[in-house]
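Down below is the structure, laid out as structure tokens.
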Amino acid sequence: MHELSVCQALIAQVEAVAVQHGATAVRSIRICVGPLSGVDPDLLQRSYPLVRAGTVADAAVLVIERLPIRVRCERCGLESEATPNRLICTHCGDWHTRLLSGDEMLLASVELEANDNRHVPTVWA
Amino acid sequence: MCDTCGCNITPGNGHLVASGGKLSRTADGKAAVTILRSLLDENDLQARHNREHFDQHGVLAVNLMSSPGSGKTALLEATIDSLRNELRVAVIEGDLETENDAQRVRAKGVPAVQITTGSACHLDAHMVHDALHHLPLDGIDIVFIENVGNLVCPASFDLGHHRNVTLLSVTEGDDKPAKYPVMFRAADLMLLTKIDLLAVLDDFDPQRAEAALRNLASEAPSIRLSARSHMGLETWTTWLRQELHAQRQRLAQHNSARPAIQPDGRLMHHGTTSLVHSKYVFSRAKP
Ligand SMILES: Nc1nc2c(ncn2[C@@H]2O[C@H](COP(=O)(O)OP(=O)(O)OP(=O)(O)O)[C@@H](O)[C@H]2O)c(=O)[nH]1
Ligand SMILES: [Mg+2]
Ligand SMILES: [Zn+2]
Ligand SMILES: [Zn+2]
Ligand SMILES: [Zn+2]
């Protein structure tokens, strides 16, 4: 339900990155979203065009990587893929598991364009 | 911050950014800026600041979440009555509109600040910050934050509180934890409320609700209670006393607590950002 405001936060972060690297435009934005993050990727994708309009990301493609839910069992130590409402171990059935991934809501990377139309170099986190 | 210390990289997603990993290059091989920062970063920072406020005053902050009408305000009224001679309580109320809930709490003689969010379906750390500067935190033991009635969005926003309590009333169906896993996973405690109505509702099985919570790998305890008949209320106030005691002990050792978010999630989800906070208004408690 709050995907529009999450999208605004995303664009604000992207704008800051573009300024930081002296970019004139953003080509693409890649985010990672897990099913347990509380944001819906489709709603995010739909609110995106409204939010990017008139910003440095005006023409940027939004790529949403959907991460799987993975848990590690505290009893048998094995990892399993899980679903949002069944985070139990698929090997031994125990519910004492730790989430390894699936609740992410991350800005992963941004592809930028510089003035002379060359891509700015990769910057590592 | 996160983009330099790498604290967003966890065992679960580290492979994505390892050299040559999926995210180091765009599909066409062009260079990209790798960021890996929670989209909710800004809210996180504010939440951390709020937690410092609470901690400086030795206050335990408890966030109450549920669908609309599950009995959050009724629970607060009953709790205030039963702790009256023992603990000092203050309340931050969140609703889309009206001052009703803050008035109900003030009628019990307790300071309350009402946040009306307009159209925002959850509280965020900025709203709570503004509100808590209008609460007399000195001499307060527990601040309850009654979130907007909504089983979806409030779960994503760290407010700077210490504990999440999720209410599920027996009229809502015992499969709610399975239907709203993000919300129930965030609970440090699940309260099954309006338990006095169980007699007339033959299809709500508290054990089924608790089993659905375990399927979310949650160890959160569950308490069955009724704000109407006061059944189970003592178990709830005991939990509050224990949490307050534990929090004070942590503070003595310069630690604090964060609400239930599993360890790896905690690395990334210090909080969230909402840009809608410019639209809300809040009113202060009458002196
Ligand atoms: N039978 C019964 N009714 C209750 C109980 N607790 C609350 N109610 C009723 O449920 C209705 C909603 O209660 P509230 O306390 O206003 O619920 P809320 O969660 O604060 O609602 P919102 O703030 O609007 O989300 C009221 O009519 C209450 O009288 C209870 O323990 N038993
Ligand atoms: Mg209420
Ligand atoms: Zn929301
Ligand atoms: Zn196992
Ligand atoms: Zn402050």
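Values for this structure:
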| quantity | calculated |
| --- | --- |
| For B:173-186, mean number of other protein chain Cβ atoms within 10 Å | 3 |
| Phi-based couplings in Hz for the range B:182-191 (Karplus 6.51, -1.76, 1.60; Gly and Pro marked x) | 5, 5, 6, 5, 7, 7, 8, 8, 9, 10 |
| The range A:3-114: antiparallel DSSP beta bridges as a percent of all, rounded to 5 | 75 percent |
| Residues with amide H under 5 Å from that of A:I69, placed H, sequence gap 5 or more | A:A82 |
| Averaged over A:22-31, number of beta-carbon atoms from partner chains that fall within 10 Å | 2 |
| Magnitude of the charge dipole, the range A:3-114, Cβ model with Lys/Arg +1 and Asp/Glu -1, debye to 20 | 160 debye |
| R0 of 22 Å, Cβ-Cβ distance B:D130-B:R250: FRET efficiency to nearest 0.05 | 0.25 |
| Integer Hz, Karplus 6.51/-1.76/1.60 couplings in order for the range B:152-166, x for Gly and Pro | 10, 5, x, 5, 8, 10, 6, 9, x, 7, 9, 9, 9, 10, 10 |
| Anisotropy class of chain A from Cα gyration tensor, a/c 1.5 cut | prolate |
| Cut-off under 5 Å, modelled amide H: who pairs with B:I145 long-range | B:V62, B:N63, B:L64, B:I92 |
| Inter-label distance for A:E74 and A:A25, nm, one decimal - labels placed 7 Å from Cα along Cα-to-Cβ | 5.2 nm |
| Nearby aspartates and glutamates by direct alpha-carbon distance to B:K108 (threshold 18 angstrom, same-chain neighbours under 8 apart not counted) | B:E77, B:D81, B:E86, B:E93, B:E99, B:D141, B:E146 |
| Heavy-atom accessible surface that B and A bury in contact, both chains counted, 1.4 Å, Å² to 100 | 4500 Å² |
| For chain A, built as a Gaussian network whose Cα springs stay under 10 Å, the top-fluctuating residue of A:L44, A:L36, A:L100 | A:L100 |
| Placed amide H near A:A108: partners under 5 Å, 5+ positions off or other chain | A:R30, A:I31, A:C32, B:L36 |
| Karplus-derived 3J(HN,Hα), 6.51/-1.76/1.60, for each residue of the range B:103-114, Hz, glycine and proline x | 5, 4, 6, 4, 4, 8, x, 10, x, 9, 10, 9 |
| Cα gyration tensor shape of the range B:184-248, rounded if a/c is under 1.5, else prolate or oblate by comparing a/b with b/c | oblate |
| Cα gyration tensor shape for the range A:1-60, rounded if a/c is under 1.5, else prolate or oblate | prolate |
| At most 14 other Cβ within 10 Å, DSSP loop - GluC sites (Glu not before Pro), the range A:62-101 | A:E74 |
| Furthest towards positive pole of dipole, A:Q45, A:S109, A:P35, structure part the range A:3-114, Cβ charges | A:P35 |
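The values are calculated or read from the model by the stated rules, or taken from the named source; none is laboratory data. Small disclaimer: the values here were computed from a predicted structure and weren't measured. Glycine gets a Cβ as well: all are built from the backbone with ideal geometry, and neighbour counts include every protein chain shown. Just so you know, the surface numbers come from the protein's heavy atoms only, side chains and all, with ligands and any DNA or RNA stripped out. Shrake-Rupley method; radii C 1.70, N 1.55, O 1.52, S 1.80 Å.
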